[in-house]
Structure formats: C-alpha cells, structure tokens
Amino acid sequence: MKILYVYGMSTEKDVIYNLRKLGYKAEEYPDVQKNSMLNDEEIEKLITYIRKNHITHVMSTHLIYNVAFAACKTDIKYISIIWDAPYIKIYTPFGRLDNCWFTVFDRLDYERFKTDGIPHVLYQPLAVNKYNVLKWDVKRKLGGNYVNDISFIGRLYEDNLYDKNLSMMPEQMQQYFTSIFEEAVFRWDGENRIYGKTAKEILDYIKLVSPEFDLDNIYDIEDVRYFEVLYLIRKIANIERICTLNALAEQFQVTFYTDSKVEQSQLENVKIMPPVEWGEAASIIYAGSKINLNISLKGIEGGTPQRIMDILGAGGFVLTNYCAETAELFEEDREIVMFKTPEELIDKVEYYLAHDKEREEIARAGRRKVLNCYTYDKKLKQLMEWVEKET
C-alpha cells in the first residue's frame, strides 16, 4: 500500500504525520488543489504522478473533484476526510463513485448519506494530533496562569449571503424570514428549526422580485434545502454570536479572536483581538482561558466540532451549546459543560468562574478523554481498516 496525500483548503500536516506513525508508506503531492471545479490539466498531472509513483490510495481533507476523478481514472481508492457539516459537495457524481470513501463527523449527515445511496461512508468523531498536543504541553508553559476569563475563537459570518443578497427584500418577505430566525436562534436543544421551513413558492417569489437572484444549485439536493444551507444557517450564526457575546460582556470579561470585519460598536464591551493561527497558538489561548465558548453553526446537527476537540486536547474548559452526540462522546458536567438557553449559559459562566477547582478538574477530565479516545492515530487506523475490509 502506498498513500498519496493531497492538500486542498487545509494544509495541516496531522494526517500525513499520523499515517507515517502508523507505519503506512505515505507521501505528499507537491501541488495544492484549491479548485472546486474540474481542471483537465491538473487531473492529467495527478494521473501521471499516481502511475509514475505506483500509488494505491489517494487521500485528502474534504472532497476534491480533481483528485476523485484522477483516482477513478487510475482505478485506485480515494479517501476523503470531511470536517464540515452539512457537507453538500458529496451530492455530486463524485460522492457516488464506487472508489470514493468518506469519513464524516456529523451522525445525522452520515445517516442522510447512507439513506441517499452514498456507497462508502463511515461515521467517526473528529480528532486531535496527540503527538503535537503532548509536544506543545501548553498547560505547563502557562504555569497555571490565565489570560482570559471567557474567550471565543471564531467568526461572526458578517459576510453571509442573506445580508448580501436578501436584506433589501420587500418587508413582507423580511418578516417571513425573521419569523424563522426568531424560532431558531438561542435555542440549543438539538432540534432543527431551519430545514423544511422555506417553501418552493418563496424561492419563486424571490426570483420574481430579484431577477439577479440565482441559487446556481449544482448538487443533487432540492433547491429549498440548498437555499436553507447557503442563506439561513450563517445568518443565524451571525445573530447568535453577536448577541451572545454582547450578553456575556455585560457581566463578564470576554475576549474574541477573529478575522471578521467587526465594528467595536457591534460588540461594545467585548475585547476584540486579531485571529489566532490554528495549532499551538490557538492551544495557548484555549489553555489560558478559564472558559472557552463554543457556539456551533446550526448546520452541525449531530456532530462535535473540531473547536471542541482542540480546546479539550489543549486542556481547556469547554462551555458549548447542547448536542446529543457531544453528550455521548463526553460525560456532561464531568468532562464538558453544555447549555440549551442563553439564561443557562450565563448561569453556568457565573458558576464556573467562581469555582476554579471544579472547572479545572472538568478540563483535565476532558483532556484525558480526548487523548484516550479521539486522536488521529486511532481515527486513521480505524478508517484504513474499514476501507480495506469493505473492499
């Protein structure tokens, strides 16, 4: 077996490093594949490389069309590790190729894919690179000191398509979507309140009053579902994150690390800091914050985001919106703490800021669980065994 790892949107080295640690012969493709459309020249280069170097398996993070096509043409297996949800790119002809294998972290996405006839899909929680986590040892470097009371590393999605393309809709239409937002925001009980709320007639009306509106849906899903994923999920995240950070900042010290273009007037009492590079730098913030906040996109219905795994791996304390799968992976109030309403969030922030020992013990227990159960070496071992067994 000889694995070729191809970099796309993510250029992190965790996968290739752990493949080699597991004893696999793995090499890195020299050119990054960033395009989402097929490119004949890139495909031919990949095919030539695969044949010349006797590659038996090709792997990437997320589905890269060029790689899937090249693997199909050379009759080798393509393995795609999915970090996002909902992952609609799988609803293309490439998702249904018999040589394409997918591992996904959102259990509801997994169940949909199986129901919709995606031939090779495996559910796996996301993971951390234990070798880096142990090497960085950020808790020891911080010496028990904290730099933040509450921190959040993320985005506001201020560039969401709803604000860009639909904010000038007629008032009646605005009220229609406002009612959807009001029903969905700040309710973190695990129930989906977005999908199925937009009727086809609404899309027809938008096209009528805005001829320039074009969904450009190339995927094998209904237009209304595509619209809800593309236009509503990130707008709801924008509302939730701004309001939640402001509500917390009325009573507590809150630091927000972001590349979002945000005015201080939007987050009046929040300390806004530049983005933090993923890896050791982010781990220092996670370990150096008494409380690390997670507010997942509503599109992640049945999965535990990478942010949670990274915080716990660094030894940080996580306070996250409720997710049934997360409650299965981690013991609530012993390894992780969750909230379902804004009121519960504020109550738990107040409690855990005042109870240092209890908070720190939960953080330690969460770190132990991640390093024992959710690491790349375990994930990749299971993944490769599944690919070979299912052949």
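Just so you know, all these numbers are worked out from the coordinates, no wet-lab data involved. Here the structure is a predicted model, which is why all the values come from computation and not from measurement. Using ideal geometry, Cβ is built from the backbone for each residue, glycine included, and neighbour counts are taken over all protein chains shown.
Summary of values
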| quantity | calculated |
| --- | --- |
| Rg(Cα)/(2.2 N^0.38 Å) for segment 93-194, N = residue count | 1.66 |
| For segment 118-146 versus segment 47-62, the gap between their alpha-carbon centres in whole angstrom | 28 |
| Exposure proxy order (Cβ contacts within 10 Å, fewest to most) of 376, 17 | 17, 376 |
| Helical segments meeting 15 Å axial Cα length and Kyte-Doolittle 0.0 threshold in the chain (DSSP H) | 233-249 |
| Rounded to whole Å, sorted largest first: equivalent-ellipsoid semi-axes of the chain, Cα gyration tensor | 34, 30, 18 |
| D (Stokes-Einstein, µm²/s), Kirkwood Cα radius, segment 1-114, 0.890 mPa s at 25 °C | 172 |
| Those trypsin sites (Lys or Arg not before Pro) in segment 243-295 that DSSP places in a loop and that have at most 12 other beta carbons within 10 Å | 261 |
| Normalised alpha carbon radius of gyration of segment 222-307 [divisor 2.2 N^0.38 Å] | 1.23 |
